[in-house]
Amino acid sequence: MSKFIFEEGEIEPQDFNRLRKSVGWEEHNSNDILLSLKNTLYLVIAKNEKQEIVGMARIIGDQGMYFYIQDVIVLPEYQKLNIGFELMKKIMAYIEKNKKEDMFIGLMAAKGKEGFYKKFGFIERPAEKYGPGMCLE
């Protein structure tokens, strides 16, 4: 199995869009990506042996009451190699180190990926305590 490097880092808009497009998500313009990344609290990337970015995950939020896990993406040809799991381990370590008491930690799982996040203690909504997740379309 190939070795992968996981590191806090930066990602260029073209790489960000390349990852998003690879999993069927919409692309965004470079200025919007740069602004979004500037306001990211934590970003971890995965690189292959050629130093190419093959995955990423990030945290956004207000650092007081809310953290949201966003853009957990692994190129399809690199999926099933534990890259996503390692990215989430880094994300969860950051959260554990930086979370405040009673802080809400959320995410929106892509359809069919809920089981992956359950491994890290996330629950599906609706649940007894929480209503369904929603978004503006």
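The values are calculated or read from the model by the stated rules, or taken from the named source; none is laboratory data. As the structure is a computational prediction, the values presented were derived from the model and not from experiment. We place every Cβ from the backbone using ideal geometry, glycine too, and count neighbours over all the protein chains shown.
Restricting attention to the range 44-80, the residues being buried (at least 16 other Cβ atoms within 10 Å of the Cβ), on the phi < 0 side of the Ramachandran plot and over 12 Å from the mean Cα position of the chain (by Cα) number 6. Here M134 does not fit the description of being in contact with a Cys (Cβ under 9 Å, 6 or more places away or on another chain) and either surrounded by 12 or more Cβ atoms within 10 Å (Cβ to Cβ) or not acidic (D, E) (or both).
Could you grab me the full set of residues in the range 19-32 that are among the hydrophobic types (A, V, I, L, M, F, W, C) and over 14 Å from A57 (Cα atoms)? Once the filter is applied, which keeps residues that are among the hydrophobic types (A, V, I, L, M, F, W, C) and over 14 Å from A57 (Cα atoms), the range 19-32 yields only W25.
Filtering the range 7-34 to residues that are within 13 Å of the chain's Cα centre (by Cα) and in a strand (DSSP E or B) leaves only E8.
Scanning the range 2-19 for any residue that is crowded, with 16+ Cβ neighbours inside 10 Å, modelled with pLDDT of 95 or more, closer than 27 Å to P132 by Cβ and not aliphatic (A, V, I, L, M) turns up nothing. Can you tell me how many residues in the range 91-123 are within 17 Å of the chain's Cα centre (by Cα), part of a loop (DSSP other than H, G, I, E, B) and free of Cβ contacts under 8 Å to residues at least 24 places away in the same chain? Looking only at that region, the number is 7. Surrounded by 18 or more Cβ atoms within 10 Å (Cβ to Cβ) and either within 16 Å of the chain's Cα centre (by Cα) or assigned to a helix (DSSP H, G or I) (or both), is that true of L37? No; evaluated as a whole, the condition is false for this residue. A single entry from E86, E52 fulfils the requirement of being at pLDDT 95 or above, among the acidic types (D, E) and either in contact with a strand residue (DSSP E or B) (Cβ under 8 Å, 6 or more places away or on another chain) or over 18 Å from E8 (Cβ atoms) (or both): E86. Look at (1) of a type outside the set (G, A, S); (2) in contact (Cβ under 8 Å) with a residue 24 or more places away in the chain; (3) closer than 27 Å to N98 by Cα and you find that L34 fails only one, number (2).
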